[in-house]
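For reference, the structure discussed in these notes is given below.
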Amino acid sequence: MKINELAEKNYLWVEKMGWHNKTPLEALALIASEVGEAINECRQETPSEHFGEELADIVLRVLDLAHWQNIDIEKELLLKMEKNEQRGNRGRIK
Ligand SMILES: [Mg+2]
C-alpha cells in the first residue's frame, strides 16, 4: 500500500469513529502529544517495546492531517528529500 493510500484509509477510519479535529492547530497539538508519548517510551537506556507503536501514532496523525488538508504527502516527501539532497551537508562536518 502506498503512503497516500494509507493516509486515505486511516482518514476514513478516523472519520467513521468521529474523532476528526476541528482545526489544523488542534491536529498539530495532538501530534505533539504523540511525540510526548514517544519520548516517554525512551526514558530508559533503550526505547521500550511500545516505542514503535508511538512512532506509528505520530505518522498516522500526520498522514490524517495531510489527507484532510488535501496535501499529497508522498509528493511532498519526495520533493523535500530531493531538496535536502541538493542542499548537501550545508557545511556540517560528519
Ligand atoms: Mg500514542
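No value in this document is a laboratory result; all are computed from the given coordinates. Keep in mind that this is a model prediction, so the values were computed, not measured. As a convention, Cβ positions derive from the backbone with ideal geometry for all residues, glycine included, and neighbour counts pool all protein chains shown.
Provide the FRET efficiency to the nearest 0.05 for the Arg87-Val59 pair, computing r from the beta carbons and using R0 = 25 Å.
FRET efficiency, Arg87 to Val59: 0.55.
Within the chain, what's the longest run with no GluC sites (Glu not before Pro) in a DSSP loop and at most 10 other beta-carbon atoms within 10 Å? Give the range, please. It would help to have the intermediate numbers written out before the result.
On the way: sites that count: Glu45, Glu49.
Counting only loop sites that pass the neighbour cut-off, the longest clear stretch is 50-94.
Over the Cα atoms of segment 52-94, what is the Rg over Rh ratio if Rh follows Kirkwood? Numbers along the way, then the final one.
Values: Rg = 14.0 Å, Rh = 12.3 Å.
With Rh from the inverse mean 1/r over Cα pairs, Rg/Rh is 1.14.
List, largest first, the extents of the alpha carbons of the chain along their principal axes, each in whole Å.
48, 36, 28
Starting from segment 1-93, pick out the chymotrypsin sites (Phe, Trp or Tyr not before Pro) whose DSSP state is loop and whose Cβ has at most 13 other Cβ atoms within 10 Å. Before the final figure, lay out each step's value.
On the way: sites: Tyr11, Trp13, Trp19, Phe51, Trp68; in loops: Trp19.
Here the chymotrypsin sites (Phe, Trp or Tyr not before Pro) that fit, given the DSSP loop and packing criteria, are Trp19.
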